[in-house]
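Below is one structure, written out as structure tokens; comments come after it.
Values quoted throughout were computed directly from the atomic coordinates according to the rules given, and no laboratory measurement underlies them. Just so it is clear, the model here is predicted, and its values are computed rather than measured. Don't worry about glycine lacking a Cβ; one is built from the backbone with ideal geometry, like all the others, and counts go over all protein chains shown.
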Amino acid sequence: MSCLLSHCCNILIYQLVAGYKWSSRAVISWCYIYTWTGDMEVEIGFSTCLMVVFLLTGVHSELFSSITSLHRLMKQGEGHVLVAHHLAERRPEDGSTVLRLLSEVHSLYDKHPLSVEHPIITLNILKTFRVMATFTDEHFIKDIRDKGLDWPTDEDVSGAYHAIARLQKTYELPFDDVIGGSVAGIQSGFSLLEEDVVRIAEQALNMGYNATAMSWLDRKWTDTTCATCCQQLVNRLGTPSGGAVCSKEWRHGHISGSGLPKSGHRDKQSRYPEYEELCRKSLSNGHGSRKPLFCSYSSGRVPYVRYRHEFYSLDPLIVMFYDVVSEIESLFLKYVASHVLESGGIAIKGENRDISSFDNRVGHVGWVYDDWHPIISRISRRIADVTTLSTLSLAAATHAEPLQICNYGVGGHFRPHQDAFADDVTNIPEMAIGSGNRDATFMVYLSDVRVGGATVFPDLEVYVRPVKMAAVFWLNTWRSGRRDSRSVHGGCPVLVGDKWIANKWMWSIGQTFKRPCGLSENDTDISLYMSRD
Ligand SMILES: O=C(O)CCC(=O)C(=O)O
Ligand SMILES: [Fe+2]
């Protein structure tokens, strides 16, 4: 069986390399083979194959907001080489330069074990692609995209600068380390250029971090040697009147005297300082997470399956469950989602950005439905089993949403927010009509994250670091149905790594008898869960 499977896998890879379009339906039917046999060897062979397919097939959207799209871009190397050869024939003078740059970018990717998961390597890869683009024209890039190949845009580069600015600020990374190419002690092999530092400072200004922007500039910029950088800054801050343009005094005068948002402008947003503090704590702690209060095992409805779970908070309840999905199930979810991922959160577009509305979440999101495949419905049933809540998806008054998959990008994060809708919200989604509210969240980590990316609950001082195949479960409402403001939480920026999560939100209507109202309005849930052990 496994021999047949690996043969099919070879054909599949061959077809991909030869440029055949592979439909996700075909891959899904492969999963039927796995589901049908349930064989361990088949699972290993299959997951390796799925991994290759996953990286070779495409999603086309802003690259910076999904690390997986960057991996894919680099795996398209063969395609890019063909394109460069094509260019070399059409425009020999430029073609050879593009070929040289292309080989440079691939050696960047190959030489570092973390490659695009390191923000500074990503920046350099994106920049090299942009340099290549200057040797081409719009038609040429369109041709590339028509061939199904990705080509980074200027927005992707701005996104990478923005990510570095945010990472430094959130984690208080030493400026000199980042300028020297290192984050969290992981060296990229590159130093930032003066021009990079100005663009990062510019992004810090966009976020309202004026003092941070000045610290960036002061570190790298001693005089006005970088003419283009100076021009960039002049454009941004307005025409200087008198004095040495771009000198330290001029910069400080203009930044503090400009109409730009002042430091801390965004910090006043709900729980942001506490969120940042917990994100930093989650890095400094060498262990997986803040110590759980205690742990235990529960068996759900299937008596012979035992789940280890750790309690991080009893009121409101926050529990981490281990091994709730298998390796192949996480790979499968990522694969299926990669065809439906869209930019989630507000990407960086143009110069006049609305500072209050962009940057809440940087990542790609997509929905996968139970009726797409038995593996997906099986995961939903398991979530019901583990949580004792209902995940039935009904046409009217659904008990739970489909799985929402998210892949974070370079520095990808999710600011503090609540999953449940406010009690007085007027524009609730259609699904909510007759369903109540998002009572509970079950968030599965589909990947480990090398550094950063913790999930934090600022009101409760709880943080949890991603552990692949484990899930965090928490309640967003009181048992009376009111939204519980203590459930505010956020995803810390990913410093180095590729973070994937799958969310299942369970709605009140389905939980009426599973999580009944208590005797008082603020009755807690612990009794419901503790009684199961
Ligand atoms: O990424 C995380 O850790 C949190 C994600 C989250 O809160 C959400 O998707 O609603
Ligand atoms: Fe959330």
Under 13 Å from the Cβ of residue 195, count the other residues' Cβ atoms, weight Lys and Arg +1, Asp and Glu -1, and hand me the total.
+1
Computed from the beta carbon distance with a Förster radius of 56 Å, FRET efficiency for residue 147 and residue 296 to the nearest 0.05 stands at 0.55
For residue 85 and residue 519 in one chain, what is 0.36 nm times their gap in residues minus the Cα-Cα distance, to one decimal in nm?
148.9 nm
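Could you put 477, 212 in order, starting from the residue whose Cβ has the fewest other Cβ atoms within 10 Å? Don't jump to the answer; show the numbers that get you there.
Details: 477 25, 212 22.
So the ranking, lowest neighbour count to highest, is 212, 477.
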In straight Cα distance, which aspartates and glutamates are under 16 Å from residue 220, not counting same-chain residues fewer than 8 positions off?
176, 177, 194, 195, 196, 202, 249
Considering amide H positions built from the backbone, and no H for Pro or chain starts, which residues 5 or more places from residue 313, or on another chain, come under 5 Å of its amide H?
318
Give the order of 111, 75, 504, 499 when sorted by the count of other beta carbons within 10 angstrom, beginning with the fewest.
111, 75, 504, 499
Could you list 515, 482 in order of exposure, starting from the residue whose Cβ has the fewest other Cβ atoms within 10 Å?
482, 515
Subtracting the Cα-Cα distance from 0.36 nm times the residue separation, let me have the gained length for residue 277 to residue 252 in nm, one decimal.
6.2 nm
At most 11 other Cβ within 10 Å, DSSP loop - chymotrypsin sites (Phe, Trp or Tyr not before Pro), segment 421-468:
none
